[in-house]
Amino acid sequence: MAAPLSTPMQRVTIVPATPEEEDTIVLSRITNDERPLKRVVRKFSTYAALAFPPAGLRELDTAQNTAEKSVEAREALLVELGSFGLHLRKAAMVCAAEARQVEEYHLERARIEEERVALRRHIEQLKSTLEEAQLERAQKQEYDQFAERINQYPSRAERERMIAALENDIAVIREERDQQRRAMQEQRNAFASVIGNLAELQTTMRERVSDDSDEPPAPSTNAPPTAAPSPAPPPINTVIDVDEREEGEADVSSDEAPLSATLNPRAQQFVPRSGLPQSTRALRSSASATPAPQSTPPAEDDDIEMGEVAEPGRSPRNARARRRLEELEEGEASELSELSELSE
């Protein structure tokens, strides 16, 4: 028996797997079933051991037993290879189905993403539409409030009628005001003319009285007996309000008072005559012959301004009356006149 040949042992270097490779191997073992492959390997090892036995075992076994066992092992290996092939085809179909599912998953994901984008756009559009609707609703509510307030007022036609009526009333009032102004102006002019006529009449009366007093009495043989002088008429009450005088104004005489204050409203109407009767002249001459108490004559230079010369034959009282009339404007009555109160 020959001795076996000794062969030197070669050292094999095993490279360690990386963590990623280990994870891939573990995942493949978990996901892939290795039992069919192990059975195929086991059947193949049995068939190989029976068909090609080692040299020592060949002499022990008989040829008949070895041939029968090898045939059975070969048939078992073929059956196992058929089942393993079926398993591989099944696995390929599963892989193809999974690939189609993955593709469908990606398509579905893309479709869902598109729908999400479309829905987001639609939501944004709905938000803007909602804001517009809310704004329109608020405007409608505000419009309804204004319409309700406007409807509380009368209509345009009624307001136009009211305005036309008011304009007519204003025109009538203005016309009445103009008529009243014209009437008041006419009354003022008439009152001014009346006051001027009264002033001229008073001046004429005073001039006549002064002329009659300066005329000498005419001698008469058959003069009637001297009669007692008639009582003088009561003095005219003049009412002058002290409060209406200006500050610093001195008291004036009855000649300087306004005509309305010196006139007697109860006096009879004056009728001018051509001359005075003889009896009246005699009475005045007798009255003038009687000595009267001396009184201080009024200052005649009151109405004569500085630098002016008194006109001869002009009474100072007449001058004062004319000056007062000149101070009054045309168509204006005195403030203390009763006629001016009527005009107001």
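Every number in this text was worked out from the coordinates using simple rules, so none of it is lab data. In this text the structure is predicted, and so the values were computed from the model without any measurement. All Cβ positions, glycine included, derive from the backbone under ideal geometry; neighbour counts span all protein chains shown.
Spin-label model, residue 153/residue 119: points 7 Å from Cα along the beta carbon direction are separated by 5.4 nm.
Size of the range 156-213 from its Cα atoms: along the principal axes, largest to smallest, the extents are 84, 8, 6 Å.
Given their separation in residues at 0.36 nm each and the Cα-Cα distance between them, residue 100 and residue 86 gain 2.9 nm when the chain is fully extended. Per-residue 3J(HN,Hα) values for the range 171-188, derived from phi via the Karplus relation 6.51 cos²θ - 1.76 cosθ + 1.60 with θ = phi - 60°, read 5, 5, 5, 5, 5, 4, 4, 4, 4, 5, 5, 5, 5, 5, 5, 5, 5, 4 Hz in sequence order (x marks Gly and Pro).
For residue 43, a cut-off of 23 angstrom between C-alpha atoms picks up these lysines, skipping any fewer than 8 places away in its own chain: 69, 90. Relative to the globular-protein estimate of 2.2 N^0.38 Å, the Cα radius of gyration of the range 83-180 stands at 3.22.
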